[in-house]
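S.K.: Please see the structure below; I have some questions.
The values are calculated or read from the model by the stated rules, or taken from the named source; none is laboratory data. Here the structure is a predicted model, which is why all the values come from computation and not from measurement. A quick note on method: Cβ atoms are made from the backbone with ideal geometry, for glycine too, and the neighbour counts reach across all protein chains shown.
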Amino acid sequence: MAVGRNPAGAGGEGAAAAKARLRAERLAARDAMPEAARAAASLALARHAERLALPPGCVVSAFLPIRSEIDPRPLLDALHQRAGIRIGLPIILKTGGLFFRAWTPGDALVPLGFGTSGPAGSAPVVVPDLVLAPLSAFDRRGGRIGYGKAHYDQTIARFHAEGHFPRVVGLAFACQEVGAVPVEPHDIPLEAVLTEAEWIDAAPAAGGEAHA
């Protein structure tokens, strides 16, 4: 069930403040999930792998879970078993944004800082055709609230400036849904959101395009 329907601006609350409130609410709900429930939900993602409709040879970027994030690895294992699907994991740039290095399930990982791990520096850089993005909260119009650093927004904007337009799909638990995500100019839309319960195609707002 969607929660947090108070729109940006209500009661004088701006978009940034509304995002911070919704982020805190939905992360608290995510943190409150029992570990067994989070594990079962992560396994359920793999059952939706076919909904991604990936052509042979494409590159999918994902992430390794930190804190209470949903775990994409069962989904990545399912995708890896498909011929020609390659996987990339994110590396955080000091200047902001991300790039991605190739990774195969089972490969060794190295500490990268910021509480993350990823492929070694010898792994080749890849450019994703599909970005599977983590998030704090989402809505059904493609709105996404991240963690406040705009790493993914910066990265997708850079790809667009370079003439590359990857699909962007959010991965989350169903409890992270909200009624409406406030919009800011730098936000990048999600094509869809995949939860343990369903695949959600982003529906454009009345009179406009889907937004994040």
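S.K.: Tell me which residues, restricted to segment 41-72, are β-branched (Val, Ile, Thr) and either within 15 Å of the chain's Cα centre (by Cα) or in a helix (DSSP H, G or I) (or both).
M.R.: Matches in segment 41-72: Val60, Ile66, Ile70.
S.K.: Can I ask one more? On the given criteria, is Pro182 buried (at least 21 other Cβ atoms within 10 Å of the Cβ) and out of contact with any Asp or Glu (no Cβ under 6 Å at 6 or more places or on another chain)?
M.R.: yes
S.K.: Here is a further query. Return yes when His160 is outside any loop (DSSP other than H, G, I, E, B) and either without any contact (Cβ under 8 Å) to a residue 24 or more places away in the chain or more than 13 Å from the chain's Cα centre (by Cα) (or both) and no when it is not.
M.R.: Answer is yes for this residue.
S.K.: Note down all Cβ pairs under 6 Å where the first residue falls in segment 131-150 and is at positive phi, the second is buried (at least 21 other Cβ atoms within 10 Å of the Cβ) and modelled with pLDDT of 95 or more, and they're at least six residues apart or on different chains.
M.R.: Gly142/Leu190
S.K.: Can you tell me which residue in segment 73-127 is nearest to Gln154 (Cα to Cα), limited to those that are among the hydroxyl-bearing types (Ser, Thr, Tyr) and not in a loop (DSSP other than H, G, I, E, B)?
M.R.: My answer is Thr116.
S.K.: Another question, if that's okay. Taking the conditions exactly as written (under 22 Å from Arg51 (Cβ atoms), aliphatic (A, V, I, L, M) and without any contact (Cβ under 8 Å) to a residue 40 or more places away in the chain), does Leu171 satisfy them or not?
M.R.: Spelling it out, it is not the case that Leu171 is under 22 Å from Arg51 (Cβ atoms), aliphatic (A, V, I, L, M) and without any contact (Cβ under 8 Å) to a residue 40 or more places away in the chain.
S.K.: Collect the residues in segment 128-157 that are among the acidic types (Asp, Glu) and outside any loop (DSSP other than H, G, I, E, B), keeping them in residue-number order.
M.R.: Asp153
S.K.: Consider segment 126-176. How many of its residues are among the charged types (D, E, K, R) and modelled with pLDDT under 95?
M.R.: So the answer is 2.
S.K.: Check Arg167, Arg158 and return the single one that is farther than 19 Å from Pro72 by Cβ and not acidic (Asp, Glu).
M.R.: Among Arg167, Arg158, only Arg158 is farther than 19 Å from Pro72 by Cβ and not acidic (Asp, Glu).
S.K.: Give me the residue from segment 75-103 that is out of contact with any strand residue (DSSP E or B) (no Cβ under 7 Å at 6 or more places or on another chain) and closer than 27 Å to Glu50 by Cα and, out of that set, surrounded by the most Cβ atoms within 10 Å (Cβ to Cβ).
M.R.: Of everything passing the filter in segment 75-103, Leu75 is surrounded by the most Cβ atoms within 10 Å (Cβ to Cβ).
S.K.: For a quick check of your reading of the model, give me the residue pairs whose first member lies in segment 72-92 and is under 23 Å from Gly115 (Cβ atoms), whose second is among the polar types (S, T, N, Q) and assigned to a loop (DSSP other than H, G, I, E, B), with beta-carbon atoms closer than 7 Å and at least 6 apart or on different chains.
M.R.: So the pair list comes out as Ile87/Thr104.
S.K.: Being under 19 Å from Ser42 (Cβ atoms) and out of contact with any Cys (no Cβ under 9 Å at 6 or more places or on another chain) narrows it down to one of Glu162, Glu69, so name that one.
M.R.: Going through Glu162, Glu69 in turn, the sole match is Glu69.
S.K.: Go through (1) over 26 Å from Ala40 (Cα atoms); (2) out of contact with any His (no Cβ under 7 Å at 6 or more places or on another chain); (3) part of a loop (DSSP other than H, G, I, E, B) for Ala197 and report which single condition fails.
M.R.: Of (1) over 26 Å from Ala40 (Cα atoms); (2) out of contact with any His (no Cβ under 7 Å at 6 or more places or on another chain); (3) part of a loop (DSSP other than H, G, I, E, B), only one is false for Ala197: (1).
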